[in-house]
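Undergrad: Here it is, the structure in full.
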């Protein structure tokens, strides 16, 4: 019987599922999860049975039983800091998805992959690839000014690295031979300095570090944040929501939808224009800062992610960083394709599978 590679990418209100035959995609669907359904679950990990049932149902409808798969690749999430690479899902990883810090939909990836691999057969591996918690930062980059609050590496690792590898191929080089700055633009923004195959500095793209986004605050004045926390007006949860979901452009104009924001700009909404310009300004500022980390040796500046489709953002960023080096724009993401490629390499013993500890 023909065996396939299954890839799973959970997002906040959906789960992307794709099936590959060798390296060719033969099935893709985006399973939707209405907010009213998700609201029934206290923790994100409580959603696993609900999402699993829907995924298996979609696969069965398309003609794929659980035992159709030779390997299952899930989205990697917020685990312990670790070097980049491929990791087999194990008991320790599953345990770490239950920590408070791991309360994010990305961590459903390894759980869903494990559950389906178990149904597929005892020798079917479940793996994750370059999770968001990959930490290859130089020690100096982790210094924050307070020893108890080091800077953390949380980024769109798989998409940043995939785009950097693609760019290296365009230059006729290997990834570990180039220095690039990659800006992933979405509702979360991460900007990373890639030096000869390692991401040596990057902002925390999840919360409280780096550029503001369409819904996240990014870096904000620390003293004023302390005052806000102790004002008695907000709970801890409300403050975190301001930083993660209700900050950035949303806090200024009441929407985080990039198409709606651009529409309002086209209708001469000056506040919308200022807010989105601020996102571009801060991304450009982050790119400029990372050019110093690479000591000016920048082979390229790569802009990617779903919001790289925004002509407004690209124009505003480009005009501020074009003096730093070659700019390439790669809209969207290639996570599923990259997952499948790594799954294929694992099956053919072409890449090391690391143990998560």
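The values are calculated or read from the model by the stated rules, or taken from the named source; none is laboratory data. Note that the coordinates shown come from a computational prediction; the quantities given were computed from them, not determined experimentally. A quick note on method: Cβ atoms are made from the backbone with ideal geometry, for glycine too, and the neighbour counts reach across all protein chains shown.
Undergrad: Those residues that are touching a strand residue (DSSP E or B) at 6+ places or on another chain (Cβ under 9 Å) and at positive phi, I need them from the stretch 168-197; list them, please.
TA: If the condition is that a residue be touching a strand residue (DSSP E or B) at 6+ places or on another chain (Cβ under 9 Å) and at positive phi, then 196 is the only one that fits.
Undergrad: Shifting gears a bit: Which numbered condition trips up residue 351, out of (1) surrounded by fewer than 19 Cβ atoms within 10 Å (Cβ to Cβ); (2) touching a helix residue (DSSP H, G or I) at 6+ places or on another chain (Cβ under 6 Å); (3) in a helix (DSSP H, G or I)?
TA: The number of the failed condition is (3).
Undergrad: Restricting attention to the stretch 121-157, and to residues there that are surrounded by 22 or more Cβ atoms within 10 Å (Cβ to Cβ) and touching a helix residue (DSSP H, G or I) at 6+ places or on another chain (Cβ under 7 Å), which single residue is farthest from residue 59 (Cα to Cα)?
TA: 134
Undergrad: Taking residue 246, is it at negative phi, in contact (Cβ under 8 Å) with a residue 24 or more places away in the chain and not in a helix (DSSP H, G or I)?
TA: yes
Undergrad: Now for a separate question. So residue 326 clears everything in (1) surrounded by fewer than 21 Cβ atoms within 10 Å (Cβ to Cβ); (2) in contact with a strand residue (DSSP E or B) (Cβ under 6 Å, 6 or more places away or on another chain); (3) assigned by TED's automatic domain parsing to the domain that holds residue 75 except one condition, right? Which one?
TA: (3)
Undergrad: Among (1) within 16 Å of residue 7 (Cα to Cα); (2) touching a residue at least 24 places away in the same chain (Cβ under 8 Å), which single condition is residue 79 missing?
TA: Only one criterion is unmet by residue 79, namely (1).
Undergrad: Taking the criterion of being farther than 20 Å from residue 250 by Cβ, without any contact (Cβ under 8 Å) to a residue 12 or more places away in the chain and in contact with a helix residue (DSSP H, G or I) (Cβ under 9 Å, 6 or more places away or on another chain), would at least one residue in the stretch 187-200 satisfy it?
TA: No; the residues of the stretch 187-200 include none that is farther than 20 Å from residue 250 by Cβ, without any contact (Cβ under 8 Å) to a residue 12 or more places away in the chain and in contact with a helix residue (DSSP H, G or I) (Cβ under 9 Å, 6 or more places away or on another chain).
Undergrad: Tell me yes or no: at least one residue of the stretch 179-191 is over 27 Å from residue 274 (Cβ atoms), outside the structural domain of residue 105 (by TED's automatic domain parsing) and surrounded by 18 or more Cβ atoms within 10 Å (Cβ to Cβ).
TA: Scanning the stretch 179-191 turns up at least one residue that is over 27 Å from residue 274 (Cβ atoms), outside the structural domain of residue 105 (by TED's automatic domain parsing) and surrounded by 18 or more Cβ atoms within 10 Å (Cβ to Cβ).
Undergrad: Quick one: residue 316 ticks every box in (1) assigned by TED's automatic domain parsing to the domain that holds residue 279; (2) in contact with a strand residue (DSSP E or B) (Cβ under 7 Å, 6 or more places away or on another chain); (3) surrounded by 18 or more Cβ atoms within 10 Å (Cβ to Cβ) bar one, so which box is it?
TA: Exception for residue 316: condition (2).
Condition check ((1) in the same structural domain as residue 346 (by TED's automatic domain parsing); (2) under 17 Å from residue 344 (Cα atoms); (3) buried (at least 17 other Cβ atoms within 10 Å of the Cβ)) across all residues:
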position: 8; (1), (2), (3): yes, yes, yes
position: 17; (1), (2), (3): yes, yes, yes
position: 20; (1), (2), (3): yes, yes, yes
position: 27; (1), (2), (3): yes, yes, no
position: 32; (1), (2), (3): yes, no, no
position: 39; (1), (2), (3): yes, no, no
position: 48; (1), (2), (3): yes, no, yes
position: 57; (1), (2), (3): yes, no, no
position: 63; (1), (2), (3): yes, no, no
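Undergrad: Output the number of the condition that residue 193 fails; it satisfies all remaining conditions of (1) part of a loop (DSSP other than H, G, I, E, B); (2) under 28 Å from residue 93 (Cα atoms).
TA: (1)
Undergrad: Sticking with this structure for a sec: In the stretch 256-271, which residue that is touching a residue at least 40 places away in the same chain (Cβ under 8 Å) and surrounded by 15 or more Cβ atoms within 10 Å (Cβ to Cβ) is nearest to residue 312 (Cα to Cα)?
TA: 262
Undergrad: Okay, moving on. Does residue 330 count as in a helix (DSSP H, G or I) and at pLDDT 95 or above?
TA: Considered against the rule, which asks whether it is in a helix (DSSP H, G or I) and at pLDDT 95 or above, residue 330 comes out as no.
Undergrad: Right, something else. Return the residues of the stretch 57-76 that are in contact (Cβ under 8 Å) with a residue 12 or more places away in the chain and in a helix (DSSP H, G or I); say none if nothing qualifies.
TA: 58, 59, 66, 67, 68
Undergrad: With over 29 Å from residue 301 (Cα atoms) and not assigned by TED's automatic domain parsing to the domain that holds residue 82 as the only criterion, which of 243, 206, 225 stands out?
TA: Just one listed residue meets the conditions, 225.
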